[in-house]
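See below for the structure under consideration.
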Amino acid sequence: MEFAEQMTYWHWWVLAVVFVVLEIFSPAAFFLWMGVAAGLVGLVLLVLPDINWEWQLLIFALFSLASILVSRRYLDRNPIATDQPHLNRRGEQYLDRTFTLDAPIVNGYGKIRVDDSSWKVEGDDCPAGTRVRVIGVDGVILQVEKIEVAQ
C-alpha cells in the first residue's frame, strides 16, 4: 500500500487515460465514465493534495457510480437517433411484415422463410402456405398471426 499512499493527481489522470483507451476496446460505454471519475479525482487532488488514499478511492467510487447513473439516465431520456434503429435486433426489422409459412404451425410453433434464412415462429396452429404477419419478437422466435383472406 506504499504506492497508494504516494498517489498524486497525475496518477489519477494517467488512470483516466487508461480507462478511456480501454473504452475503445470495450463494446459498451462503461470505462469512459470511470475515466471521467478518475480525471475528477485528479482535479480534487490538485486542489486538495493531502487527501489520503482511502478517501481518494471512496471519491473515485462515488464519482464512478454517479457518472454512470447520470449518463444512463440521460441516454434513456435522450436516445441517440440512428438511421438503423433495428441494428443488432434483427428480428424487430420484420415487425408488421407478411410471410408465407414454410412449415405448418403445430402446437404453436412453425417456420417461415425470410430472405435467405429460416425463422421459427410462434402463433395459432395453421397449415403450410398460410400468410402470416409478424406481430412480435421473443428472442429469436417471431410471433405471428394469421392473415384472414377476404372472400
query: Can you give the relative contact order of the stretch 90-146 as a percent, counting alpha carbon pairs under 8 Å and 6+ residues apart?
result: 36 percent
task: List the relative contact order of the chain as a percent without decimals, with contacts defined as Cα pairs under 8 Å and 6+ residues apart.
output: 15 percent
task: May I ask you to derive the relative contact order of the stretch 2-77, considering only C-alpha pairs under 8 Å and at least 6 residues apart, and to give it as an integer percent?
output: 34 percent
query: Do any GluC sites (Glu not before Pro) in the stretch 120-151 lie in a loop, going by DSSP, with at most 14 other beta-carbon atoms within 10 Å of their beta carbon, and if so which?
result: Glu148
- prompt: Charges only on Cβ, +1 for Lys and Arg, -1 for Asp and Glu: so what's the dipole of the chain about the Cα centre, in debye to the nearest 20?
  reply: 420 debye
query: Just the Cα atoms of the chain: what Rg and Dmax do they give in Å?
result: 26.3, 85
statement: So the angle from the long Cα axis of helix 53-77 to the longest Cα principal axis of the chain, reported in degrees to the nearest 10, equals 30 degrees
- request: Kindly state, to the nearest 0.05, the FRET efficiency for Gln84 paired with Arg113, given R0 = 25 Å and r defined as their beta-carbon distance.
  value: 0.60
- prompt: Alpha carbon centre of the stretch 66-116 versus the stretch 28-55: separation in Å?
  reply: 38 Å
- line: Between Asp50 and Phe30, the FRET efficiency computed from the C-beta separation at R0 = 35 Å comes out, to the nearest 0.05, as 0.65
- prompt: Hey, how much of the P(r) for the stretch 90-146 falls beyond 12 Å, as a percent of Cα pairs?
  reply: 56 percent
- line: Expected sort for Trp53, Trp13 with the fewest Cβ neighbours (10 Å cutoff) up front is Trp53, Trp13
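Readers should treat all values here as calculations from the given coordinates under stated rules, not as data from a laboratory. Keep in mind the model is a prediction, meaning the values are calculated, not measured. Please note: Cβ atoms are built from the backbone with ideal geometry, for glycine as well, and neighbour counts cover all protein chains shown.
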